[in-house]
1. Among A:175, A:154, which is at pLDDT below 95 and small (Gly, Ala, Ser)?
2. Name the residues in segment A:174-184 that are more than 9 Å from chain B (Cβ to nearest Cβ), open to solvent by 20 Å² or more (accessible area, probe 1.4 Å) and either farther than 20 Å from residue B:102 by Cα or in contact with a helix residue (DSSP H, G or I) (Cβ under 8 Å, 6 or more places away or on another chain) (or both), would you?
3. Only one residue in B:240, B:264 is of a type in the set (Gly, Ala, Ser), without any contact (Cβ under 8 Å) to a residue 60 or more places away in the chain and open to solvent by less than 50 Å² (accessible area, probe 1.4 Å). Which one?
4. When you check residue B:248 against the structure, is it assigned by TED's automatic domain parsing to the domain that holds residue B:100 and in contact with a strand residue (DSSP E or B) (Cβ under 9 Å, 6 or more places away or on another chain), yes or no?
5. Which residue pairs have Cβ atoms closer than 7 Å, lie 6 or more positions apart in sequence or on different chains, and pair a first residue in segment A:196-223 that is over 16 Å from residue A:131 (Cα atoms) with a second residue that is among the polar types (S, T, N, Q) and in a helix (DSSP H, G or I)?
6. Condition (residue is within 17 Å of the chain's Cα centre (by Cα), closer than 22 Å to residue B:95 by Cβ and modelled with pLDDT under 80) applied to segment B:234-256: is it met by at least one residue?
7. If I ask for residues that are more than 15 Å from DNA strand D (Cβ to nearest atom) and either within 14 Å of chain B (Cβ to nearest Cβ) or in contact with a Gly (Cβ under 6 Å, 6 or more places away or on another chain) (or both), which ones from segment A:27-46 would you list?
8. Say whether the condition of being away from every other protein chain (no Cβ under 13 Å) and of a type outside the set (D, E, K, R) is met by at least one residue in segment B:87-110.
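The values are calculated or read from the model by the stated rules, or taken from the named source; none is laboratory data. Bear in mind that the values here come from a model prediction, so they are computed numbers and not experimental data. All Cβ positions, even for glycine, are placed from backbone atoms using ideal geometry, and neighbour counts span all protein chains on display. Surface accessibility is based on the protein's heavy atoms, side chains included, excluding ligands, DNA and RNA. Shrake-Rupley method; radii C 1.70, N 1.55, O 1.52, S 1.80 Å.
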There are 2 protein chains.
Amino acid sequence: MSDLTSIVKAPQDDAPAHEPAPCAQTRQGAVTAALRQMILGGEITAGSRIGEAEMARRLGVSRTPVRLALTALEREGLLTALPRRGFRVRRFRLKDILDAFDVRGTLEGMLCRLLAEDIPDTARLDELEQAIADGEKIIARMPPGIGQARQWFASNDRFHHLLLDAAANRPLAEALHANNRLPLVVVGAVTCNLDQPELAAELMAAANKEHRNILDAVSRGQAGRAEALMREHVYQSRESLRRLLGDPARCRRHPGLPGWQLISPENES
Amino acid sequence: MSDLTSIVKAPQDDAPAHEPAPCAQTRQGAVTAALRQMILGGEITAGSRIGEAEMARRLGVSRTPVRLALTALEREGLLTALPRRGFRVRRFRLKDILDAFDVRGTLEGMLCRLLAEDIPDTARLDELEQAIADGEKIIARMPPGIGQARQWFASNDRFHHLLLDAAANRPLAEALHANNRLPLVVVGAVTCNLDQPELAAELMAAANKEHRNILDAVSRGQAGRAEALMREHVYQSRESLRRLLGDPARCRRHPGLPGWQLISPENES
DNA sequence: TCGCGATATTTTGTATGCAAAATGCCCAAA
DNA sequence: TTTGGGCATTTTGCATACAAAATATCGCGA
């Protein structure tokens, strides 16, 4: 990770990224991605100050793309800007993450309410049904390895994104995306309980069942039910994550849980 | 507006800015503020491409701060990034703005629900009461001139911000701030109906009454009522704005309504 | 006249130099 | 020993130079 030239030439494709992939056609994108990974992976200690010159040296590029990347990550919420002294890796309290789940639940609940009040056309409903079916098929091949978990997570992600697309509500989509940028809000605990495969399978099956109920409510125009179900669905993820983060020892066993090291026990932000 | 040196030396203070003032201790901040004002004021035609070199010449600074400012405004939602061709001034459909009001209503509704479920201490409730009382005092000095309207808007703003502070929910606060950055979402139609003073007075009085009801619900722990009242409160603003934008001729009479020129009738975004 | 390709121009991306601001350090004085 | 001021160092902010990419322009040929 000391020289970025290689990264520029061969952008990482391990992040399918529903968004139009802001990464790595340019050095700036590569630096941003590299820094993000270093922060989420704990390679840079949370709370430490980060200088552009130091990072430029460390990555083998000039200060210009580093500066751009740092401001980008600040807007992403991973860094906080010090007045005139560069940036610092942001530390989150557990409460912040849980609160972000509440925001997500509220917004996705709103999303389902809107959809139920203006039922999507059959094609979209079929796509949603398909995403659910895919998830079930993956679950049927349990117990899950890390690969299965990733596949299921992809189908889960597809379901949520299909809902969002169906609403065609740009401010809502942007609010959700911004909120979900916080670490751990999307890559919840569900996919990372692999040390307890039966629990993981249970969680995934339950989530899939909830998806089916949500889709049912939406397709019947049951706005209140759809909203409540989605809120509860997200709340279950929230509680699942809370249990996982409850004992940090389990986190340490999951390198696939990026960002958990940014959570400070109960101190200041 | 052709040379920014003066702006840097003497930062504008016409924007009290609850936030820690992201402006103008540095050139970058000054450029950002200037560009934002130019865009919102219609000085730069909506939909037009914006090059950093051109802007740098126009503002009399180098490309470096301009580039930073452009990316900042992109994150703010006023610009959209073209792949490798700089930026373009974003055009909003009326639907986007109305949708943003829906998001705001949902989030502020959530905020009130949370507050009612964990009632703030007396000091905070008193501050809220004070903000409402201030608003009423201003309304009593009707009919409103532009100055009165600004004063009332300040008290209105203070009320909403006090609620947000009381919740101490950072993700919620950030989601709201990001959403409200869209033009016209905060500076709603209420304060800009000055061509019909009696209507403006009516709207302000109604809004203040709603504030009082909301605070009552919150302080009594009536979560559902508080949430519903706040949603409706925002919905009234939304409809008010919709009526105002219904005939663009009225907008043109209100130079205090920044950003209305970014709304494209019913075309593509 | 139209299409196509080569060249010229514009524009972004990156690196680096310089100045100002802030921090940290050291020494002197109380 | 502690405190305060001045100096050195670090670090950011800005400008500019250069290279690469994309676009626009022009001319040539069919």
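1. The conditions single out A:154.
2. A:180, A:181
3. That would be B:240, the only listed residue that is of a type in the set (Gly, Ala, Ser), without any contact (Cβ under 8 Å) to a residue 60 or more places away in the chain and open to solvent by less than 50 Å² (accessible area, probe 1.4 Å).
4. So residue B:248 passes the test.
5. What qualifies is A:203/A:240.
6. yes
7. A:32, A:40
8. yes
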